[in-house]
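Chemist: I have a structure I would like to understand better, so I am pasting it below and will then ask my questions one at a time.
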Amino acid sequence: MNTTTTTTTTAAAPAGSNLRSAPYDAFHTARARTDLVNRLYATAMGENYPAEVAASSSCDWPLLGLMTARLRMYPGQILVDAGCGTGGIGLWLARALALHLQGFDLSPVAVAHATGRRSHFLGTDTGRAVFRVAELENTGLPDRHAHGIVCVDALGRATDRTMAVRELGRLLRPGGRLVLTRSLRRSTAPAWKEQARAAGLTVEHVDERHAEPVMWDRLYRLWIAHADELRRELGEDQAENMLREAHQMLPTLPGRRAVVLTLRRPATTPEAPASPDTMTGLGHHPHDRSVPKERTSQ
């Protein structure tokens, strides 16, 4: 693809995705009415909160810096933001690194918000960023399309994580990198090398995120402490979803391990195995950028 001719179109929702996107759409609609959620994230993260990004995820300044370093991209290249939510992470990286951005998310409401934020990050050069409705397992993008991909707290909402990693691997050009957040129980042995190999990728880096479980602990306690405000600002349904998650997840955080994986497609790409290894035992990541549900492990 010519990296200088990006268009600004939004794809139609994949068949059967409307029911899956409904809770994400409701969350983004409710959050757009108030800045309360942003303020609670800012309190939980402190000086590590990237206010401009405003992601419903564990994205902080250290993660933005690490992704920048691990991607090793050049101006004019194509970055894909997989499970982009409202687009802040991809737009920040596109501006910082002078990239062309293609983001996708299951939620049409999130995609609409992301599209509306382009001018804030890119000024009049909004054609450098395109957001579309798509699923992690079926992006609709061409083979070897991207020089780099980021996937922050989104893999947990894939219906089939093995298929999702293979799909993202398919998009990478030779030498390209996929940087994604993952989490699991400390007692679980990771199978990242096998999973990467099934997608035709190699594990280049595994960076520990020791502060991530601590941040979630602070945030969940803030949600509980501000329960009445959440109900008033977001509505009963969205507030109850958040509070239920907080109570379910708090006991699990002491055993949580969070990492950033950097996977790379070799410059000379062999054929990927026909039968991919499974990703069983990793569970869901309960916190992604589209809705505060699915936040355990990925």
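Chemist: If you go through region 111-139 one residue at a time, how many are of a type in the set (D, E, K, R) and under 15 Å from L99 (Cβ atoms)?
Modeler: Let us first name the residues in region 111-139 that are of a type in the set (D, E, K, R), namely 117-118, 125, 128, 132, 135, 137.
Then drop every residue that is not under 15 Å from L99 (Cβ atoms), which leaves 118, 125, 128.
Final tally of qualifying residues: 3.
Chemist: Within region 201-218, count every residue that is crowded, with 19+ Cβ neighbours inside 10 Å and touching a Ser or Thr at 6+ places or on another chain (Cβ under 8 Å).
Modeler: Final tally of qualifying residues: 4.
Chemist: Mind counting the residues in region 52-74 that are in contact with a Pro (Cβ under 9 Å, 6 or more places away or on another chain) and under 20 Å from R118 (Cβ atoms)?
Modeler: Of the residues in that region, 3 qualify.
Chemist: Among all residue pairs at least 6 apart or on different chains, which show Cβ distances below 8 Å where the first residue, located in region 104-117, is closer than 9 Å to T86 by Cα and among the basic types (K, R) and the second is open to solvent by less than 50 Å² (accessible area, probe 1.4 Å) and outside any strand (DSSP E or B)?
Modeler: Close Cβ pairs satisfying both conditions: R117/T86; R117/G87; R117/G88; R117/L91.
Chemist: Identify the single condition in (1) modelled with pLDDT under 95; (2) open to solvent by 20 Å² or more (accessible area, probe 1.4 Å); (3) within 18 Å of the chain's Cα centre (by Cα) that H28 does not satisfy, given that it satisfies every other one.
Modeler: Going through the list (1) modelled with pLDDT under 95; (2) open to solvent by 20 Å² or more (accessible area, probe 1.4 Å); (3) within 18 Å of the chain's Cα centre (by Cα), H28 breaks only (2).
Listed here are the residues, each with its yes/no results for (1) modelled with pLDDT of 95 or more; (2) part of a helix (DSSP H, G or I).
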{"residue": "R197", "(1), (2)": "no, yes"}
{"residue": "V203", "(1), (2)": "yes, no"}
{"residue": "P213", "(1), (2)": "yes, yes"}
{"residue": "W216", "(1), (2)": "yes, yes"}
{"residue": "R221", "(1), (2)": "yes, yes"}
{"residue": "L230", "(1), (2)": "yes, yes"}
{"residue": "A239", "(1), (2)": "yes, yes"}
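Chemist: Among all residue pairs at least 6 apart or on different chains, which show Cβ distances below 9 Å where the first residue, located in region 195-223, is free of Cβ contacts under 8 Å to residues at least 60 places away in the same chain and the second is surrounded by 21 or more Cβ atoms within 10 Å (Cβ to Cβ) and of a type in the set (S, T, Y)?
Modeler: Short answer, once both residue conditions are applied: V206/T262; P213/S183.
Chemist: Another question, then. Here's a check for you: in region 73-105, which residue that is in contact with a strand residue (DSSP E or B) (Cβ under 9 Å, 6 or more places away or on another chain) and among the small types (G, A, S) is surrounded by the most Cβ atoms within 10 Å (Cβ to Cβ)?
Modeler: G85
Chemist: What is the residue count in region 56-71 for residues that are touching a Gly at 6+ places or on another chain (Cβ under 8 Å) and either of a type in the set (S, T, N, Q) or open to solvent by 10 Å² or more (accessible area, probe 1.4 Å) (or both)?
Modeler: Residues in region 56-71 being touching a Gly at 6+ places or on another chain (Cβ under 8 Å) and either of a type in the set (S, T, N, Q) or open to solvent by 10 Å² or more (accessible area, probe 1.4 Å) (or both): 2 in total.
Chemist: What number of residues in region 223-251 are within 30 Å of G65 (Cα to Cα) and either touching a His at 6+ places or on another chain (Cβ under 8 Å) or crowded, with 17+ Cβ neighbours inside 10 Å (or both)? Write out each step before concluding.
Modeler: Looking only at region 223-251, we keep the residues that are within 30 Å of G65 (Cα to Cα), and these are 223, 242, 245-246, 249-251.
From what's left, either touching a His at 6+ places or on another chain (Cβ under 8 Å) or crowded, with 17+ Cβ neighbours inside 10 Å (or both): 223, 242, 245-246, 249.
Within region 223-251, residues that are within 30 Å of G65 (Cα to Cα) and either touching a His at 6+ places or on another chain (Cβ under 8 Å) or crowded, with 17+ Cβ neighbours inside 10 Å (or both) number 5.
Chemist: Being outside any loop (DSSP other than H, G, I, E, B) and over 17 Å from the mean Cα position of the chain (by Cα) is the filter here; which residues of region 106-137 pass it?
Modeler: Within region 106-137, the first condition is being outside any loop (DSSP other than H, G, I, E, B), and the residues that meet it are 108-116, 118-122, 126-133, 135.
Residues satisfying the conditions are G116, R118, S119, H120, F121, L122, T126, G127, R128.
Chemist: Could you check, for region 188-199, whether at least one of its residues is aliphatic (A, V, I, L, M) and surrounded by 24 or more Cβ atoms within 10 Å (Cβ to Cβ)? Show your work before the answer.
Modeler: Residues of region 188-199 aliphatic (A, V, I, L, M): 189, 191, 196, 198-199.
So of that shortlist, the ones also surrounded by 24 or more Cβ atoms within 10 Å (Cβ to Cβ) come out as 199.
Yes, some residue in region 188-199 is aliphatic (A, V, I, L, M) and surrounded by 24 or more Cβ atoms within 10 Å (Cβ to Cβ).
Chemist: Select from region 53-82 the residues that are in a loop (DSSP other than H, G, I, E, B), at negative phi and without any contact (Cβ under 8 Å) to a residue 60 or more places away in the chain and list them in ascending order. Working first, answer last.
Modeler: So in region 53-82, the residues in a loop (DSSP other than H, G, I, E, B) come out as 53-60, 72-77.
Imposing the further condition that a residue be at negative phi reduces the set to 53, 55-60, 73-75, 77.
Selection gives V53, P75.
Chemist: A follow-up question, please. Filter region 138-161 for residues that are under 16 Å from the mean Cα position of the chain (by Cα) and open to solvent by 20 Å² or more (accessible area, probe 1.4 Å); which is modelled with the highest pLDDT?
Modeler: Out of the qualifying residues, it is N138.
The values are calculated or read from the model by the stated rules, or taken from the named source; none is laboratory data. Keep in mind that what you see is a predicted model, and the values were worked out from it rather than measured. Because the Cβ atoms are built from the backbone with ideal geometry, glycine has one as well, and the counts that use them run over all protein chains shown. For the accessible areas, the whole protein counts, side chains as well, though only heavy atoms, and no ligand, DNA or RNA atoms are used. Shrake-Rupley method; radii C 1.70, N 1.55, O 1.52, S 1.80 Å.
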